[in-house]
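Right, one structure below, let's go through it.
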Amino acid sequence: MIKFGTDGWRGIISEDFTFNNVRLVAEGIANYICGRGEAASGIVVGYDTRFLSARYAADCASVLAAKGIKVWLADSIMSTPALTWQVKDRAAAGGVMITASHNPGEYNGLKFKAAYGGSASPEIMAEIEKCVRLLEESGRTFPKASQVSDIEYFAPLASYLEHVADMLDKKTLAGFKGKILFDVMHGAARGYPKELAREYGLNVVELHGELNPSFGGVNPEPIEKNLAPLRQAVLEQKAYIGLATDGDGDRIGAIDADGRFINPHQIMALLTKYLVEKRGWTGGVAQTLTVSELVKRVAGKYGLKSYETSVGFKYITTLMLEEDILIGGEESGGIGLKNYIPERDGVLLGFLLIEMVAAYGRTLGQLIDELMGELGWFYYAREDLNLATDKKEGLMKILADKPPSKLGQLEIVSSNLTDGCKLYLSDGWVMLRASGTEPIVRIYAEANEPKRLHQIIKEAVDYAHNA
C-alpha cells in the first residue's frame, strides 16, 4: 500500500517507488483534479537530481496529459520552491514535484503543491489519497502511457530567481564583501546561489554542485552531522558565513565563521529579530511542536503572537493562509516568510541571512550569542532511532495510551499527544515522534544546559528501546 507522509509519498526506488506506482499516484492526482473540474487550469511537473527523477516526471506528465489535463513539464532539474512559484504564476490547479527531499539516495518521492503556492493541506492530501486507494483496490496495472505531444516544456530558473530577488535588499547585499560558501549538497538548488550572487556582486563559492544521485554518501539534509565538509571549508577558506540547503532546495542550514553550527531554531529566531528591527515587518510567529522555546521568547520580546502546530510544514502553510504570519517554521530548517508564497525556500533564506549579517555587521555566532545572552540559553538535540516498523508502532501506541510520568530519573510535569508524544519537564522537554516515511522514531529534546540535554536524550533513547 502506498503511504503518504507529512509531505507526500516517498519510497525506496524499485521496491515501492516503482514506475507502476508512480503512474498510479499520477492517475490518482489526475482523478482528483478532474473531479474538481480543474483540468484546464493545468498541473506543473518538476524533478530533482535523484536517480530516474526525470523519467518519473515524464511518466507523471504523460499520465496527467492523457486524462485531458494541461501539463507544463520542466526542461531541467529544479528546486521545489521554483516549482511552487510556477504553480502560483501560472494559476495552475497544482504541482507535482518528483523528489524525496532530504532522504537517502536510495529513496525517491512525490510532493503535491496546491494552487495557492504551498504545501497541500491535510484535507487536499486526504482527497488525493482516497483517489489513490480506489486505484490500488482496483488491482489494475499502469503501463507506460503513450507520449503526449501537447505537453509544454518550460525553463524554471529565471522567473524563480526574480521572485527571490524581490524579497532581498540589493543595497545591503551589494555592500557585503565577505566570503560566502553555499553547500547545495548535490541537490536541486545546484547553480542557483551562484547565479543569484551575480546580481549583487557577492563572493559566493558553491560546494557539491556536481550531479551525484547518491549525494556523495551523505543524506542531503543540512543538519550538523552532514555539514562537516562545509564546516571544514569555512574554517580553511576563512569564510564569513557557510550556508546549506537540502536535496530539493527548501531547507536551510548554516555554519558560523568560527565553525559553529547555527541550527534552524536559531536561524528562525534571528530572522524574526532582523525582519522586525531592520525591515519593520509585523505578524505572528508560527512553529511546529518540535521547535525551540527560544522562538517563543523572541516573539514575546517583540510583542508578536505565537502559534504552535503539529509537525509538517503543511500546517504552517494553512496558518499563513489564514492569519497574518510574519514567519513560520519547523525544526528541520523549513521556514516560510511573509510577503512570499507560503512555502519553504532554502536559497531565499540563505541570502536573507547574508543580508542580515551585512546589515548588522556581525557574524551569525555573534548575533545568536547576543540574543541568547538576553533571552536565555537553549540547547537542542535530535536523535533518530532506527526501529523495525512493528517496534516503532508499538512504542507510539504505548505512549499514546499512557504517557509515562517518569523517564528514568526524569520527572514529567505534563504531556502533549497532539502529534507524537511531547513530555514537558521543569527545565526542558522531550518529544518522541514516528517518521511517516522511514522506519525511524525521532527524539527531540531541549534544555538550558548541555549536560542536562545529554541526560534527557539518553533517558528517552533507553525508554524507546525498552518500552
Does the stretch 367-378 include one or more residues that are open to solvent by less than 10 Å² (accessible area, probe 1.4 Å) and either of a type in the set (Asp, Glu) or within 13 Å of Arg442 (Cα to Cα) (or both)?
-> no
Residue set Ala57, Ala82, Ala100; condition over 20 Å from the mean Cα position of the chain (by Cα) and surrounded by 19 or more Cβ atoms within 10 Å (Cβ to Cβ); output residue Ala57
Within the stretch 449-464, identify whether any single residue is crowded, with 17+ Cβ neighbours inside 10 Å and part of a strand (DSSP E or B), and answer yes or no.
-> no
Top-ranked residue of the stretch 123-151 - restricted to ones that are outside any loop (DSSP other than H, G, I, E, B) and over 26 Å from the mean Cα position of the chain (by Cα), ranked as surrounded by the most Cβ atoms within 10 Å (Cβ to Cβ) = Leu135
Within the stretch 160-193, residues being part of a strand (DSSP E or B) and open to solvent by 40 Å² or more (accessible area, probe 1.4 Å) number 1
Looking only at the stretch 391-407, and only at residues there that are out of contact with any strand residue (DSSP E or B) (no Cβ under 8 Å at 6 or more places or on another chain) and touching a residue at least 12 places away in the same chain (Cβ under 8 Å), the one that is surrounded by the fewest Cβ atoms within 10 Å (Cβ to Cβ) = Gly394
State which residue pairs qualify: first residue open to solvent by less than 50 Å² (accessible area, probe 1.4 Å) and inside the stretch 10-36, second residue among the small types (Gly, Ala, Ser) and in a helix (DSSP H, G or I) in any location, beta carbons under 7 Å apart, and separation of 6 or more residues or different chains.
-> Ile33/Ala39
Any pair with Cβ under 9 angstrom, 6 or more apart, that starts in the stretch 195-207 at a residue that is closer than 21 Å to Leu230 by Cβ and touching a residue at least 60 places away in the same chain (Cβ under 8 Å) and ends at one that is open to solvent by 80 Å² or more (accessible area, probe 1.4 Å) and outside any helix (DSSP H, G or I) = Leu202/Lys177
Those residues that are of a type outside the set (Gly, Ala, Ser) and either in a helix (DSSP H, G or I) or under 12 Å from Gly178 (Cβ atoms) (or both), I need them from the stretch 194-208; list them, please.
-> Lys194, Glu195, Leu196, Arg198, Leu202, Asn203, Val204, Val205
Would you check if Leu337 is of a type in the set (A, V, I, L, M), under 21 Å from Gly253 (Cβ atoms) and buried (at least 23 other Cβ atoms within 10 Å of the Cβ)?
-> yes
Conditions (1) open to solvent by less than 60 Å² (accessible area, probe 1.4 Å); (2) more than 29 Å from Lys111 (Cβ to Cβ); (3) of a type in the set (Gly, Ala, Ser); number of the one not met by Gly216 | (2)
Being of a type in the set (Gly, Ala, Ser), under 12 Å from Gly350 (Cα atoms) and buried (at least 22 other Cβ atoms within 10 Å of the Cβ) narrows it down to one of Gly247, Gly253, so name that one.
-> Gly253
Within the stretch 393-405, can one find any residue that is within 26 Å of the chain's Cα centre (by Cα), farther than 19 Å from Lys451 by Cβ and not aliphatic (A, V, I, L, M)?
-> yes
Index of the failed condition, Val413 passing every other in (1) of a type in the set (A, V, I, L, M, F, W, C); (2) open to solvent by less than 40 Å² (accessible area, probe 1.4 Å); (3) farther than 18 Å from Val291 by Cα = (2)
Whichever residue in the stretch 429-441 is of a type outside the set (A, V, I, L, M) and modelled with pLDDT of 95 or more and, among such residues, is surrounded by the most Cβ atoms within 10 Å (Cβ to Cβ) | Trp429
Across the stretch 299-327, what is the total count of residues that are touching a Leu at 6+ places or on another chain (Cβ under 7 Å) and either small (Gly, Ala, Ser) or open to solvent by less than 50 Å² (accessible area, probe 1.4 Å) (or both)?
-> 8
Counting only residues that are open to solvent by 10 Å² or more (accessible area, probe 1.4 Å) and either touching a residue at least 60 places away in the same chain (Cβ under 8 Å) or closer than 20 Å to Leu294 by Cα (or both), the stretch 345-361 contains a total of 3
Counting only residues that are farther than 22 Å from Pro342 by Cβ and without any contact (Cβ under 8 Å) to a residue 60 or more places away in the chain, the stretch 144-177 contains a total of 6
So which residues in the stretch 256-293 are among the polar types (S, T, N, Q), within 25 Å of Gly117 (Cα to Cα) and open to solvent by 10 Å² or more (accessible area, probe 1.4 Å), if there are any at all?
-> Thr282
Pro156 touching a helix residue (DSSP H, G or I) at 6+ places or on another chain (Cβ under 7 Å), surrounded by 17 or more Cβ atoms within 10 Å (Cβ to Cβ) and not hydroxyl-bearing (Ser, Thr, Tyr) = yes
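The values are calculated or read from the model by the stated rules, or taken from the named source; none is laboratory data. The model shown is predicted, which means the values in this text are computed figures rather than measured ones. Every residue, glycine among them, receives a Cβ derived from its backbone with ideal geometry; neighbour counts consider all protein chains shown. Side chains are part of the model used for accessible areas, which takes the heavy atoms of the whole protein and leaves out ligands, DNA and RNA. Shrake-Rupley method; radii C 1.70, N 1.55, O 1.52, S 1.80 Å.
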